[in-house]
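S.K.: Below: one structure in structure tokens.
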Amino acid sequence: MDKLLTFPDQSAMVLSIRAKAMLFHDPRSSELLQQVERIARSDATTLIIGETGTGKELIARHIHDQSGRQGPFVAVNCGAFSESLIDAELFGHEAGAFTGATQARAGWFEAADGGTLFLDEIGDLSLALQVKLLRVLQERQVVRLGARRPIPLNVRLVAATNVDLHKAIEAGRFRSDLYYRLGVASVNLPPLSERAGDILPLARHFIGVYSGKLKRGQVTLSARAGAALLSYEWPGNIRELENVIHFALIVCRGDVIEAEDLKLTGISHRRQSAFQPIANDAPPSGEGLPQQLAGLINRMIDADHPDLFDSVEEVLVRTAFNACHRNQVHTARVLGISRNILRTQLKRFGLIGFDGVSASHRELLQ
Ligand SMILES: Nc1ncnc2c1ncn2[C@@H]1O[C@H](COP(=O)(O)OP(=O)(O)OP(=O)(O)O)[C@@H](O)[C@H]1O
Ligand SMILES: [Mg+2]
């Protein structure tokens, strides 16, 4: 008798994913979500392209949920199988098709009949398998290894990649005909840094999720922590943000996450991202700097940054103070304000104590 490969409990899987809220706050993201939902309602083979952690699998599951297809959602990571195994895994095999194949087995394609097959990391598929996949897509039927009889299929295919398939095509590692067949509809998930309006809402969302799991009360983000999240580059995208918030909740002492609680491993990225356009693109005269600053502030406005005025002031004073090696006279001159006003600001942001002593040593000791 045919035996299906063992899958995790599909209903439990779908439920756990449904329970995961999706958040699309940035105008770019909400537009993208609408596009995804339009695509979902068609039966078109879909290619999702996005850097690691941008939510490709989440989108694939959403496409399935919104498609109205009654069958299961089956996710297969093409990079996770050895070359010899993946053939049988995808297409199934008859008894005796190869050594050790004592029983006939349906493959993932058959398992996803009536539903959606999600082929993750499609760029990892060997050229030989790409040919087979192309045939299945063209003929909408699958032939198990060792069988002659084709089995008709009703499967919606969604594939994902985080590698640039154009480059893979140029390098001869990916078939262009398969690329066009996969990408009948394509979804480009922008990196998190390009949809900055999602950063703080996602951070708050993950604070809610993980403070529940960690049985913490209500936890908020300090203005400076929010500014740090906004100016970080997020090379690991939403997954990294999720991890950073989870970790921050574990280490933060009170009910406010401070900038120090955020483990932003790519610190250089952060500095670069906040100031990169100024450092790299600005003419030496400093022309265009106010526009670039306005761009950053617009990002903060889009992101609903709380206490915007205070945050911007704090970042300005703190950055100048650090750049001037905590020399007050020099900082006041750079900022074009009196030393008295500077001292008031430094106290306000806890950069010096009320006794006027620089807090740098205290900070270092903390
Ligand atoms: N819009 C979103 N709203 C809420 N959570 C999201 C969103 N997008 C992604 N996530 C969360 O971020 C994490 C990464 O998402 P997902 O696994 O779908 O990304 P991926 O692009 O497939 O990553 P990888 O390339 O590493 O496989 C998951 O925990 C997911 O729930
Ligand atoms: Mg993934």
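The values are calculated or read from the model by the stated rules, or taken from the named source; none is laboratory data. Quick caveat: nothing in here was measured; it's all calculated off a predicted structure. Note that each Cβ is placed from the backbone with ideal geometry, even for glycine, and that neighbours are counted across all protein chains shown. The accessibility values were calculated without ligands, DNA or RNA, using every heavy atom of the protein model including side chains. Shrake-Rupley method; radii C 1.70, N 1.55, O 1.52, S 1.80 Å.
S.K.: May I ask for the net charge around residue 119, where only other residues with Cβ less than 13 Å from the Cβ of residue 119 are counted and Lys, Arg are +1 while Asp, Glu are -1?
M.R.: Numbers: positive: 56, 132, 156, 181; negative: 57, 89, 120, 121, 124.
Summing Lys and Arg as +1 and Asp and Glu as -1 gives -1.
S.K.: Right, here's the next one. I'd like the carbon and sulfur percentage of the solvent accessible area for the range 41-190, probe radius 1.4 Å, heavy atoms only, ligands and nucleic acids excluded. Mind dumping the intermediate values first?
M.R.: Details: 3150 of 6660 Å².
Heavy-atom surface of the range 41-190 belonging to carbon and sulfur, 1.4 Å probe: 47 percent.
S.K.: By how many nm would the segment from residue 341 to residue 186 lengthen if fully extended, with 0.36 nm per residue of separation less the alpha-carbon distance? Working shown, then result.
M.R.: Details: separation 155, 0.36 × 155 = 55.80 nm, distance 5.47 nm.
Taking 0.36 nm per residue and subtracting the Cα distance, the gain is 50.3 nm.
S.K.: Then there's this: What FRET efficiency do you get for residue 85 and residue 28 if R0 is 41 Å and r is their Cβ-Cβ distance, rounded to the nearest 0.05? Spell out each step's value before the answer.
M.R.: Details: r = 39 Å, r/R0 = 0.96.
E(calc), rounded to 0.05, equals 0.55.
S.K.: Express in nm, to one decimal, how much length is gained between residue 21 and residue 42 on full extension, taking 0.36 nm for each residue of separation and deducting their alpha carbon distance. Don't skip to the end; give the middle numbers.
M.R.: Working: separation 21, 0.36 × 21 = 7.56 nm, distance 2.33 nm.
Between residue 21 and residue 42, full extension yields 5.2 nm more.
S.K.: If R0 is 41 Å, what FRET efficiency do you get for residue 58 and residue 348 from their C-beta distance, rounded to 0.05?
M.R.: On the way: r = 41 Å, r/R0 = 1.01.
Rounded to the nearest 0.05, the efficiency is 0.50.
S.K.: Per residue, how much accessible area does the range 90-249 show when a 1.4 Å probe rolls over the protein heavy atoms, in square angstrom?
M.R.: On the way: 6790 Å² over 160 residues.
Ligands and nucleic acids excluded, the result is 42 Å² per residue.
S.K.: Rg and Dmax of the range 45-138, Cα atoms, in Å?
M.R.: Gyration radius and largest Cα-Cα distance of the range 45-138: 14.2, 42 Å.
S.K.: How would you order 313-323, 194-204 from highest to lowest mean count of nearby Cβ atoms within 10 Å? List each step's numbers first, then the result.
M.R.: On the way: 313-323: 16.8, 194-204: 21.3.
Highest to lowest by the protection proxy: 194-204, 313-323.
S.K.: Just grab the label-to-label distance for residue 216 and residue 327, each label 7 Å out from Cα along the Cβ direction, in nm (one decimal).
M.R.: So the label points at residue 216 and residue 327 sit 4.0 nm apart.
S.K.: Given R₀ = 30 Å, FRET efficiency for residue 138-residue 102 by Cβ-Cβ distance, to 0.05?
M.R.: 0.40
S.K.: Shifting gears a bit: How much length, in nm to one decimal, is gained on full extension between residue 66 and residue 35, taken as 0.36 nm per residue of separation minus their Cα-Cα distance? All intermediate terms of the calculation are to be shown ahead of the outcome.
M.R.: Working: separation 31, 0.36 × 31 = 11.16 nm, distance 1.20 nm.
Value of the extension gain: 10.0 nm.
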